[in-house]
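Engineer: Okay, here's the structure, questions in a sec.
The values are calculated or read from the model by the stated rules, or taken from the named source; none is laboratory data. In this text the structure is predicted, and so the values were computed from the model without any measurement. Note: ideal-geometry Cβ built from the backbone for every residue, glycine included; neighbour counts use all protein chains shown.
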Amino acid sequence: MEPLTIHQDNQSQTLNSLRKYYSDTPGTAEIERLAANLDAMRNGKKKQIILITSAVIGEGKSTIAALLARSLAVHKKETVLIDFDLRRPQLHHLFEVDCKDGLIDILRSNLPFSRCLKPTNFPHLILISSGILDSNPVEILTNDRLKIFFEYIGDKYDTVIVDSPPVIHVSDSLLLSKFADEVILVIKAGSTPRYVVKRAIKMFGDVKVKISGIILNNMENALPRYYDYKSYHYQYYQYQDKEKESGKTNIGLVL
Ligand SMILES: Nc1ncnc2c1ncn2[C@@H]1O[C@H](COP(=O)(O)OP(=O)(O)OP(=O)(O)O)[C@@H](O)[C@H]1O
Ligand SMILES: [Mg+2]
């Protein structure tokens, strides 16, 4: 495998794009708590594969997957973030790496898996981009090489975070869930109807997969009183008033 180089110069640029949603406010605390709770679920196992999904599009999966991965890497856990949303990949944009030479390329060929490991601007954090899709991804998701790939990646990293498409639209996350130790459902609070969330949970239930936890995103807009800092975190976070008011960090956690 080629040595992994860290591009320190670009780190602040990537950090800035992540910081839009992530700063030292309650949202950060929730991501840290999510990381701690997931760690507690390991039960002593060295590797952990975490699938992030949602019921419908745009609930915040990729954002939360990236924030969680970054948080783990900051704590020096060897982390790999995989963009398994082959149809609408986003993570390569966020981390400013090339989309090509990704999952699609290594799963379709006999290329060594190491080809797709891309260093990010964060030490301890590797990204695997989706690659460029030119046909139906079901063929990739049912490929025998996928099992070997997850074994390889699980042996190599402490934590594997897999971003995936919404389950109501396509079956990809159902297919991926059999490789995951934990499945986390992101819900855009105040937006996704309850029956849609229930249907998503049932779809996992039907393939005998239990949802490990739910992340409520968009909490500030849905439950403004939760974020009433005058009666809550206000004093503690006073120095960050501007960021709080911009409503960028509004994640709640139900594990
Ligand atoms: N907590 C948050 N606060 C503010 N904006 C957010 C938050 N979470 C997500 N967003 C924004 O909402 C949009 C959708 O988020 P994201 O791309 O992470 O969702 P997704 O579930 O991955 O979408 P898709 O289903 O298209 O892959 C993005 O513009 C993102 O920047
Ligand atoms: Mg996404």
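Engineer: What residue, of A40, A73, A69, is among the hydrophobic types (A, V, I, L, M, F, W, C) and within 15 Å of ligand 2 (Cβ to nearest atom)? Spell out the reasoning first.
Structural biologist: Working: A40 fails: within 15 Å of ligand 2 (Cβ to nearest atom); A73 fails: within 15 Å of ligand 2 (Cβ to nearest atom).
Checking each option against the conditions leaves just A69.
Engineer: In this structure, is V197 crowded, with 16+ Cβ neighbours inside 10 Å, away from ligand 1 (no atom under 14 Å from the Cβ) and modelled with pLDDT of 90 or more?
Structural biologist: Numbers: crowded, with 16+ Cβ neighbours inside 10 Å: yes; away from ligand 1 (no atom under 14 Å from the Cβ): no; modelled with pLDDT of 90 or more: yes.
In short, no.
Engineer: Here is a check on your reading of the model: is N121 at pLDDT below 95 and under 26 Å from R70 (Cα atoms)?
Structural biologist: Numbers: at pLDDT below 95: yes; under 26 Å from R70 (Cα atoms): yes.
Against the criterion (at pLDDT below 95 and under 26 Å from R70 (Cα atoms)), N121 qualifies.
Engineer: Could you check how many residues of region 135-159 are in a helix (DSSP H, G or I) and buried (at least 17 other Cβ atoms within 10 Å of the Cβ)? Talk me through it step by step, then tell me what you get.
Structural biologist: Taking region 135-159 and keeping what is in a helix (DSSP H, G or I), we get 138-141, 145-156.
Narrowing further to those that are buried (at least 17 other Cβ atoms within 10 Å of the Cβ): 140-141, 146, 149-150, 153-154.
Within region 135-159, residues that are in a helix (DSSP H, G or I) and buried (at least 17 other Cβ atoms within 10 Å of the Cβ) number 7.
Engineer: Consider only pairs whose beta carbons are under 8 Å apart and that are at least six residues apart or on different chains; among these, list those whose first residue lies in region 54-71 and is under 15 Å from E30 (Cβ atoms) and at pLDDT 90 or above and whose second residue is assigned to a helix (DSSP H, G or I) and within 9 Å of ligand 2 (Cβ to nearest atom).
Structural biologist: That search, which allows pairs on different chains as well, returns A65/L91; A66/L91.
Engineer: Suppose we filter V162, V170 for residues that are buried (at least 19 other Cβ atoms within 10 Å of the Cβ) and within 15 Å of ligand 1 (Cβ to nearest atom); which single one remains?
Structural biologist: Working: V170 fails: buried (at least 19 other Cβ atoms within 10 Å of the Cβ).
So the residue among V162, V170 that is buried (at least 19 other Cβ atoms within 10 Å of the Cβ) and within 15 Å of ligand 1 (Cβ to nearest atom) is V162.
Engineer: How about region 1-21: which of its residues are within 16 Å of ligand 2 (Cβ to nearest atom) and either modelled with pLDDT of 60 or more or surrounded by 15 or more Cβ atoms within 10 Å (Cβ to Cβ) (or both)?
Structural biologist: Initially, region 1-21 is screened for residues within 16 Å of ligand 2 (Cβ to nearest atom), giving 17-18, 20-21.
Result: L18, Y21.
Engineer: Then there is this: Of all the residues that make up region 36-59, how many are more than 12 Å from I184 (Cα to Cα) and surrounded by 17 or more Cβ atoms within 10 Å (Cβ to Cβ)?
Structural biologist: 3
Engineer: Which residue out of I168, I132 is within 19 Å of I57 (Cβ to Cβ) and either in a loop (DSSP other than H, G, I, E, B) or among the acidic types (D, E) (or both)?
Structural biologist: Numbers: I132 fails: within 19 Å of I57 (Cβ to Cβ).
Of the residues listed, the single one that is within 19 Å of I57 (Cβ to Cβ) and either in a loop (DSSP other than H, G, I, E, B) or among the acidic types (D, E) (or both) is I168.
A quick yes/no check of all residues on (1) out of contact with any strand residue (DSSP E or B) (no Cβ under 8 Å at 6 or more places or on another chain); (2) free of Cβ contacts under 8 Å to residues at least 12 places away in the same chain; (3) over 14 Å from I161 (Cα atoms):
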site	(1), (2), (3)
D85	no, no, no
R88	yes, no, yes
H93	yes, yes, yes
K100	yes, no, yes
L107	yes, no, yes
R115	yes, no, yes
P119	no, no, yes
S129	no, no, no
L133	yes, no, yes
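Engineer: Checking E220 against (1) modelled with pLDDT under 55; (2) of a type in the set (D, E, K, R); (3) assigned to a helix (DSSP H, G or I); (4) within 11 Å of ligand 1 (Cβ to nearest atom), only one condition comes out false. Which one?
Structural biologist: (1)
Engineer: Residues that are away from ligand 1 (no atom under 15 Å from the Cβ): which helices (runs of 4 or more DSSP H) entirely in region 21-107 hold 1 or more of them? I'd like the intermediate steps shown before the answer.
Structural biologist: Numbers: elements: 26-40, 61-74, 91-94.
Hits in region 21-107: 26-40, 61-74.
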